[in-house]
Structure formats: C-alpha cells, structure tokens
Amino acid sequence: MTDTKKTQHNAITLLKKDHQKVKQAFAQYEELGPYAFVHKKKLADQICAELTLHTQLEEEIIYPAFREKLSDEKDLLNEAKVEHDSAKVLIKEIQQMQADEELFDAKVKVLSEYIEHHVKEEEDEMFPLLQKSDVDLALLGEKLFQRKQQLNK
C-alpha cells in the first residue's frame, strides 16, 4: 500500500473530511433565502443522512477502539456518545418536518451548533489522543472506508 493510500484511508483524515463536508453543507443552508423551502428540505435531508452515516461509523468503529485503547478517557467518550444521541433526536425531527414549518430552520441551526461543538471536541481532544495511542489509524481508516462503502450501497 502506498503512503498516499495510507493517508487517504487514515481514520482521522476520513473523519475530518466528513466533518468538512457537513460544515460546508450547513454553510450552504445558511445562505439559502427564507422561502427556499424545496432547497432547504433537500439540503437538510442530505445533512441528516451524512450525519447519520457518520455517527454510525464512529459508534461502530472509532468509539470501540477509543474505549479499548484509552479507557482512562471514558468521560470524553461518554460525552461524545450523549452528543450523538442528542443530534439523533434532532435529525429525526428534521427528517419528519417540512421546511416551511415554523421550527424547521431553528432545528437545523441548533443541529449545526451541536455538530460544530462535537466536531471541535473530537478534533481538539479525541483525535490527538488517538494519534498518540497505539491505535492503528490506517487499519481503522480502512475499516471506516469499507463500512461506509457497504452502508452506501
């Protein structure tokens, strides 16, 4: 395997790429006009689908590895899990709403803020701990990549 492939499939690189994609989608949402209901619903559903996939991948692959190798950091992991659970509630609500409903924009905004906070904690706290540990990030990245392909079929 080449160094380029290792870098592309490094778990942290893949997760950060997902984070950036969702951040850009939230920014696009913010730019939509107040009456762009069709575009808002489509983009919100896309964001929700991306986040659902991303959280599933983290919970199936990353968090167990984190818990195994960094058991002293269980509070950080537990907080991340609670953040996922809170986001899932909002995601479900957004998916069941229409964009012209009164609280739709507010729910998307709060979800954006939750995710921004969650991403910051992952990238500033969890990822550096994973990098310093003996977790095989290339192997985890390959597992993430394969599982994502599986779920996207």
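Quick notes on this one:
- Residue in segment 109-126 that is polar (S, T, N, Q), surrounded by 13 or more Cβ atoms within 10 Å (Cβ to Cβ) and over 19 Å from ALA25 (Cα atoms) present: no
- The number of residues in segment 122-133 that are assigned to a helix (DSSP H, G or I) and touching a residue at least 12 places away in the same chain (Cβ under 8 Å) comes to 8.
- Residue in segment 48-61 that is over 23 Å from ALA138 (Cα atoms) and either among the hydrophobic types (A, V, I, L, M, F, W, C) or modelled with pLDDT under 95 (or both) present: yes
- Residue count for segment 46-85 under the criterion of being surrounded by 14 or more Cβ atoms within 10 Å (Cβ to Cβ) and over 20 Å from ALA11 (Cβ atoms): the result is 3.
- The condition of being at pLDDT 95 or above, in a helix (DSSP H, G or I) and more than 17 Å from the chain's Cα centre (by Cα) holds for only one of LYS16, LYS21, LYS6, LYS40, that being LYS40.
- Of GLU125, GLU113, all but one fail to be charged (D, E, K, R) and within 28 Å of HIS9 (Cβ to Cβ); the exception is GLU125.
- Test: residue in segment 134-144 that is among the aliphatic types (A, V, I, L, M), under 14 Å from TYR63 (Cβ atoms), part of a helix (DSSP H, G or I) and under 17 Å from the mean Cα position of the chain (by Cα): yes
The values are calculated or read from the model by the stated rules, or taken from the named source; none is laboratory data. All values derive from a computational prediction rather than experimental measurement. Note: ideal-geometry Cβ built from the backbone for every residue, glycine included; neighbour counts use all protein chains shown.
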